[in-house]
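The values are calculated or read from the model by the stated rules, or taken from the named source; none is laboratory data. Treat the numbers as computed from the prediction; the structure is a model and nothing was measured. Note: ideal-geometry Cβ built from the backbone for every residue, glycine included; neighbour counts use all protein chains shown. These area figures cover heavy atoms from the full protein model, side chains too; ligands, DNA and RNA do not enter into them. Shrake-Rupley method; radii C 1.70, N 1.55, O 1.52, S 1.80 Å.
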Amino acid sequence: MYLENINSPVDVKKLKIEQLNELSKEIREALLEKLSEHGGHIAPNFGMVELSVALHYVFNSPEDKIVFDVSHQSYVHKMLTSF
């Protein structure tokens with residue numbers, strides 16, 4: 001599993017591009033599990049999985065700032081930065 005080894009955006013950059021698809025799959029599974037238990041906005045976050053992974057792969061977060069238009073799109077960002 002890749003998600004359990006992500007402690008910061010630096011860890012995302014260590015993955016090969018082929019591994020990013022598996023990371024995205026794991027993120028979707030984790031989102032579905034948590035949001036099914038506790039409620040929340042599933043659709044906006046599911047739509048942001050690959051984009052959030054790509055942003056953290058390409059840019060240098062937190063030095064490069066990422067702005068979300070609604071907080072419902074930031075769950076994946078939090079998963080990749082708040083462990």
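The figures follow:
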{"read-out": "Options Glu63, Glu50; residue that is within 21 Å of Lys16 (Cα to Cα) and out of contact with any Gly (no Cβ under 8 Å at 6 or more places or on another chain)", "value": "Glu50"}
{"read-out": "Filtered residues of the stretch 8-42 (kept if within 16 Å of Met79 (Cα to Cα) and of a type in the set (Gly, Ala, Ser))", "value": "Ser8, Ser24, Ala30, Gly40"}
{"read-out": "Residue in the stretch 19-29 that is of a type in the set (A, V, I, L, M) and surrounded by fewer than 15 Cβ atoms within 10 Å (Cβ to Cβ) present", "value": "no"}
{"read-out": "Test for Met79: is it open to solvent by less than 90 Å² (accessible area, probe 1.4 Å) and in contact (Cβ under 8 Å) with a residue 60 or more places away in the chain", "value": "yes"}
